[in-house]
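Right, one structure below, let's go through it.
The values are calculated or read from the model by the stated rules, or taken from the named source; none is laboratory data. What you are looking at is a predicted structure, and each value in this text was computed from that prediction instead of being measured. With ideal geometry, Cβ positions are generated from the backbone for all residues, glycine too; neighbour counts draw on all protein chains shown.
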Amino acid sequence: MLKMEGVQKIYRTDLVQTHALRSLSLEVEEGEFVAVTGPSGSGKTTFLNIAGLLETFDGGRYTLDGKDVSGLSDRERSKIRNVKIGFIFQSFNLIPDLNVYDNVDVPLRYRGLGGGDRDKRIKDALERVGLASRLKHLPSQLSGGQQQRVAIARALAGSPRILFADEPTGNLDSLMAREVMNMLEEINVQGTTIVMVTHDPELARRMHRNIHIMDGQASDFDHGSDSRSDAPVDRIAPRIVASV
Amino acid sequence: MEIRPILSALSRNKTGAFLIAAQIALTFAITINAAYVIRDRLATAARPSGVDDEDRVVAVRFAMTSSQNIDALQQRDVATLRGVPGVESVAITNQIPFGGGGWSGGFAVGNTRESPNVNAGMVFDNGDVLKTLGVKVIEGRYFTPDEIMVIDPDTSRDTPPVVLVTRELAKAMFPSGESVLGKTIYLGNTPDAPAVRIIGVIGLMETPWASVSAKHLYSVVFPQRLLQTENQYLLRLKPGALEQTKQAVLAALAKNDPDRVAGRDGLASIAKMRAKRYRGEHAVAGLLIAVTVFLLIVTASGIVGMASLWVNLRRKQIGVRRALGATRGDIVRYFVTENLLITGTGVVAGVIAAQLLNAALVRQMTLPQLPWPGLAFGVVALIVLGVGSVLGPAVRASRLSPALATRSV
């Protein structure tokens, strides 16, 4: 589903070059539920941005759903994000001026779907997350957990091949976090590949496998590598290749 | 098009949208009326005078003080002026187009009190005036030499029996459209009013005061040379001869009568007098153009400012939209559509306000009503201004990275 080989990302200013990703290689199979862990500044978000085609990269090769996405135009990348990828963000990122229905509708409009098809997808997705009765509510009228469920519905409505979740429970209390995780697991069971960045070791343990990113490289887990790092994860996937 | 969600979002941010729409409405109402006044004033200033080449026809005005024999002096002046190089023809008259001052009188189709008077300019032609001005007789005939009368106002109250009238005056006095040739009109509507017979109709001929109303083309031409000190000489010059002729003409006239006091303008072309007459119209037009441009700049700046503010406030939202699959074009379209909705609302309100303002101006300034094509042009112009103003911020918004969605900004 997702394969990166020697992917590099360098942020440049006039004076400084920062290597956010240093020849990162990894692979995620279809249907997997993968946790991406690592300390702050390790490159997790950069990885997520590149994997989700939110940013370009400077070297290496990246194949998503069998398509090399290295040289795609901005328009082509937008199209892939819209059709194949779903995003769930830590701060929900719902549009505050739009109600629940219209928020879920946003990516579907960009896909150019007809009104009837969109309506069915929106209602199905909201039904799936248990918010079918809140169509006209504004985000500000919902709890954090409900907002994240709307965000999940927005991600699901387009029937994506892969979901990228950026600390989806980071802004939720434990009860709501559990609820959201249960939902994501259910989605994964139904066949959607999920890559989730998290700081939470408990959540990481629930994944099929963990990818640990340190200093811009995917590497084998090392319990003692960083006192600020996350708690140990169960295992490191054999497909993760540390490279220089 | 995501019009409904945009309207929904706008309804939750009413103040900014309302202020911009109100500004557009006000700008529209003022600029469309200002543009119409500008057009009206400039059209007035550009009206044809009937003089075929205003740069070549010049007038010399003066007051004669020493001569006791004005008839002889006039004839000597004409002979002298005809001899000045560059002068093609010379005429003696009492008034000239755009001259500012002249004779006028009430003319009627009957010499009874019931006959309405039509006020018209009275032009005295010594037999050379129309030729010198380049004004043509379009119906009937011109005066014969024996019809030209020399009248001393101190000793005679005679009035020539035949006249020419301008086409516009003929239409006003005889609205049925019948030929006016041979018709008798009266210099006043009293039983003792002198009667004159129309022998010809001339085309356009501007009056000295060039009023804004249709009366600016009402004139009656009398075949007479008046022996008075305030007469004026009209000269038709060869092309480009104005500067070289000016001093020679004034010197020749001074030689014939050294005590003569020349008018303030000396030798002035009809073109120069036209410019002087319409200085007010041009000043009003210039002022209104400045106000209009200023208003448009302020409005465009308001739209740019508001759109830029909204882009800055929605950076995260734009990043999220891009992350969810919006192309750069989608982002530009979003802001342009949003602006079109605001501008459209403002323009609709502006059309109503413009009509109300126009109604007031029609009453106060005798302006004609705003024409619908002008309104339609204004609508298109304001919408183009709105879209043009929002394009910059919209394109900047479209260049925001979708990665903003994952940043905690």
Determine if region B:108-116 includes at least one residue that is within 29 Å of B:LYS276 (Cα to Cα), in contact with a strand residue (DSSP E or B) (Cβ under 9 Å, 6 or more places away or on another chain) and part of a strand (DSSP E or B). no
On the given criteria, is A:VAL189 among the hydrophobic types (A, V, I, L, M, F, W, C), touching a Pro at 6+ places or on another chain (Cβ under 7 Å) and without any contact (Cβ under 8 Å) to a residue 40 or more places away in the chain? no
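Output the residue which, of all residues in region B:362-376 that are assigned to a loop (DSSP other than H, G, I, E, B) and in contact with a helix residue (DSSP H, G or I) (Cβ under 9 Å, 6 or more places away or on another chain), is nearest to the other protein chains (Cβ to nearest Cβ). First the steps, then the outcome.
Step one: list which residues in region B:362-376 are assigned to a loop (DSSP other than H, G, I, E, B), which gives B:366-371.
Right, trim to in contact with a helix residue (DSSP H, G or I) (Cβ under 9 Å, 6 or more places away or on another chain) and you get B:367-371.
Working: B:LEU367: 44, B:PRO368: 46, B:GLN369: 42, B:LEU370: 38, B:PRO371: 41 Å.
By that ranking, first place goes to B:LEU370.
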Failed condition for B:THR15, given (1) hydroxyl-bearing (Ser, Thr, Tyr); (2) over 30 Å from A:ASN103 (Cα atoms); (3) part of a helix (DSSP H, G or I): (2)
Which residue, of B:LEU217, B:LEU250, B:LEU313, B:LEU237, is more than 14 Å from every other protein chain (Cβ to nearest Cβ), among the hydrophobic types (A, V, I, L, M, F, W, C) and farther than 28 Å from B:ASP71 by Cα? B:LEU217
For region B:238-342, list the helices (runs of 4 or more DSSP H) that sit wholly inside it and hold at least 2 residues that are not assigned by TED's automatic domain parsing to the domain that holds B:ASP71; which are they? B:270-277, B:279-313, B:315-323
Test: residue in region B:208-219 that is more than 17 Å from the chain's Cα centre (by Cα), within 17 Å of B:GLY100 (Cα to Cα) and either surrounded by 15 or more Cβ atoms within 10 Å (Cβ to Cβ) or of a type in the set (S, T, N, Q) (or both): yes
Going through B:PRO85, B:PRO48 one at a time, which residue ends up being away from every other protein chain (no Cβ under 14 Å), out of contact with any Pro (no Cβ under 9 Å at 6 or more places or on another chain) and farther than 22 Å from B:LEU217 by Cα? B:PRO85
For A:SER91, are the conditions met, namely being within 13 Å of chain B (Cβ to nearest Cβ), surrounded by 14 or more Cβ atoms within 10 Å (Cβ to Cβ), in a loop (DSSP other than H, G, I, E, B) and polar (S, T, N, Q)? yes
Within region B:42-64, how many residues turn out to be surrounded by 14 or more Cβ atoms within 10 Å (Cβ to Cβ) and modelled with pLDDT under 90? 4
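So that you can scan it fast, the table gives a plain yes or no per residue for (1) buried (at least 20 other Cβ atoms within 10 Å of the Cβ); (2) within 14 Å of chain A (Cβ to nearest Cβ); (3) in contact (Cβ under 8 Å) with a residue 12 or more places away in the chain:
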position: B:ALA290; (1), (2), (3): no, no, no
position: B:GLY325; (1), (2), (3): yes, yes, no
position: B:ILE331; (1), (2), (3): yes, yes, yes
position: B:GLY346; (1), (2), (3): yes, no, yes
position: B:ALA360; (1), (2), (3): no, no, no
position: B:GLY378; (1), (2), (3): yes, no, yes
Which of the residues belonging to region A:66-99 are farther than 20 Å from B:LYS316 by Cα and within 15 Å of the chain's Cα centre (by Cα)? A:ILE80, A:VAL83, A:LYS84
Across region B:128-148, what is the number of residues that are basic (Lys, Arg) and not in a loop (DSSP other than H, G, I, E, B)? 1
For B:GLY16, the lone unmet condition from (1) within 14 Å of another protein chain (Cβ to nearest Cβ); (2) touching a helix residue (DSSP H, G or I) at 6+ places or on another chain (Cβ under 7 Å); (3) surrounded by 19 or more Cβ atoms within 10 Å (Cβ to Cβ) is (3)
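Could you count how many residues in region A:100-159 are part of a loop (DSSP other than H, G, I, E, B), away from chain B (no Cβ under 14 Å) and either of a type outside the set (A, V, I, L, M) or surrounded by fewer than 18 Cβ atoms within 10 Å (Cβ to Cβ) (or both)?
Quick first cut of region A:100-159, residues part of a loop (DSSP other than H, G, I, E, B) only: A:112-114, A:129-131, A:135-138, A:142-143, A:158-159.
Retained after the next criterion (residues that are away from chain B (no Cβ under 14 Å)): A:129-131, A:142-143.
Narrowing the set further to residues that are either of a type outside the set (A, V, I, L, M) or surrounded by fewer than 18 Cβ atoms within 10 Å (Cβ to Cβ) (or both) leaves A:130, A:143.
Total meeting the criteria: 2.
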